[in-house]
Amino acid sequence: MTYSKRIAICLLACICYLSAFAQQEQYQTQLNMIKQAFDNKDIALLDGMIADSCTILGKSGNLLLPSLKAIYATLTNNTIDSMTLVSSEPTANGGTRLTYKINYSIFGEKDACFAFDENGKIIQLDYLTGAKSQTVKKVSAKKSAIPVISIPFLLDKNHLVILKGQVNGKECNLIWDSGAKRSILNSDYFTNSESESGTTNLGGVNGKSATGIAVADSITLNVSGITVENGTFLTKSLKHLEANAEEIPIAGLIGMDILGGYDIIYDYDTKKLTLIDSQAQIRLQGNPIATVPYSQFASDYLPCIKVNIDGKEVELGIDCGAGANLIHKSALPKGIQFDTAHLAGISGDITKQQFGNMNFTIGDILFEDQPFVVGDISHLNLGIDGLLGYPFLSSHKMMFKNSTKELIIF
C-alpha cells in the first residue's frame, strides 16, 4: 500500500469518526434523557420524545411501553456508568441510528442501539440489543389424539394449579398458568450448558421479563397426551413459585402456547381440569346459569370480562395463575374502604397491602364477598382494571370456550 493511500484511508477514518461524533452531538439532549430515564427507571422522562413508530426489542404499538418497563424492571439496580459510541449510520427516513457499548454498574458491558427520525424523535430504543438473540420461537404443541381430556390437579398453598406431566421422560410437576402466554422451564432442573443468559420478554401476566433467562434445546414435554417434541424452551429459576419445594418441586410453568388450542373447564370442587379440543363438536353436559362473552382486546391469550361493582363497571382479566383477586385502586367505587396490613414478601421486604371483600355481578349472577387485594398491573399495558383469580374461579364450575370466546358458568 502506498503512503498516499495510507493517508487517504486515515483521513477517511477520521472523517467517519468525526461524522459519528457530530451525529452524537446532534442527539445529545435525547441521549442524556435516555440515560436519565434508565437511571431513574422513569418512562415519563421520555414523554414527547418517542415517535409513534418506535420499536423496543422489536416490539411496538401496545407492546412498546411494557417492553420498556420490562427492561427497566430487569435491570432495576443498574445504572449506566458510561456510553461509548461505536458507529453511526443513516436511516431510511432521513434520521440516524447510533450503536453504543454501554457499561452498566452491575450487568457489565452490553450493546445498545438508539435511532432517531428526521425530527429527532426516538424510533428505536434498545438498551439491550443482545436481548434479541434470546428470543425463542413459540413452542409448537401437538394436541392429544383424544378430543376430551380430564386432568386431576393439585393446589399449592398459594392456590396455583399443579398438573402432572413429563419432561424428557421424567415425571414432574408443572404449574398451569392461563395468564402466561408462553411456557418456561425451571432452570434449577433443566439446563443447557451452551445457553447464554440474557433477558427476554415472556409476555405473560405472571411471566415477567428478567435476567437469568436462557434456553434449553431438545426438550420433550407431555401433559396428558399433549406433547412437544424436540422443542426449545426458555428456562429460568422458578424458586419463587415453589411454595413447598420439598413436597411439590416445580419443573416448569406451562402457558397458553401448550393449552391454548383447547376449551377449558375448571372444577375446583373435584380438582379437575377438562380440556376440550376447540375444533371438536362436543355437547356439554350440565345446565349453565350464565354465558358471558369475553374479549381479548389487549392480548391474544387473556380473557377479559366486564363486572359491575356497586354500580361501577370495570374490566377484569381472568387468570388461574393469580392466587387472589386483584383490583387497581382507581377502579374501586367511591366509599369502599379496605383494611391495610404490613406484609413480608419473599424477598423479606415489608410492604403495605390493602385488602377487603366486595360483591360484584357478571350479568345477572351475583358473586358475594369476593376477596380483593389492591394492586397495580398498569405496567402490563393491558388496559384492564385488575384480575380475577382463584377466589373467583373456585366459586363455580366454569368453562372458557376459547373457540367462541365465551365464559360459561355452571
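The values are calculated or read from the model by the stated rules, or taken from the named source; none is laboratory data. Because the structure is a prediction, the values reported are computed rather than measured. No Cβ is skipped: glycine too gets one built from the backbone with ideal geometry, and neighbour counts run over all protein chains shown. Calculation scope for accessible area: heavy atoms of the full protein, side chains included, ligands and nucleic acids excluded. Shrake-Rupley method; radii C 1.70, N 1.55, O 1.52, S 1.80 Å.
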Residue 20 being in a helix (DSSP H, G or I), at pLDDT below 50 and surrounded by 13 or more Cβ atoms within 10 Å (Cβ to Cβ) = yes
inquiry  = Being without any contact (Cβ under 8 Å) to a residue 24 or more places away in the chain and open to solvent by 30 Å² or more (accessible area, probe 1.4 Å) is true for just one of 229, 246. Which residue is that?
reply    = 246
Output for region 94-118, where each listed residue is assigned to a loop (DSSP other than H, G, I, E, B), open to solvent by 10 Å² or more (accessible area, probe 1.4 Å) and either farther than 20 Å from residue 43 by Cβ or touching a Ser or Thr at 6+ places or on another chain (Cβ under 7 Å) (or both) = 94, 105, 106, 118
query = Mind checking which residues of region 68-91 are modelled with pLDDT of 75 or more, open to solvent by less than 20 Å² (accessible area, probe 1.4 Å) and either in contact with a Cys (Cβ under 7 Å, 6 or more places away or on another chain) or outside any loop (DSSP other than H, G, I, E, B) (or both)?
reply = 68, 72, 80
remark   = Within region 201-218, residues of a type outside the set (A, V, I, L, M), over 20 Å from residue 321 (Cα atoms) and modelled with pLDDT under 85 come out as 211, 212, 217
query = Considering only region 249-289, how many residues are under 25 Å from the mean Cα position of the chain (by Cα), of a type in the set (Asp, Glu) and more than 28 Å from residue 239 (Cα to Cα)?
reply = 1
Residue 221 in contact with a helix residue (DSSP H, G or I) (Cβ under 9 Å, 6 or more places away or on another chain) and modelled with pLDDT of 90 or more = yes
ask   = Restricting region 224-251 to residues that are among the small types (Gly, Ala, Ser) and on the phi < 0 side of the Ramachandran plot, which is modelled with the lowest pLDDT?
value = 245
task = Considering only residues that are modelled with pLDDT under 85 and surrounded by fewer than 15 Cβ atoms within 10 Å (Cβ to Cβ), look in region 296-325 and name the one that is nearest to residue 259 (Cα to Cα).
result = 300
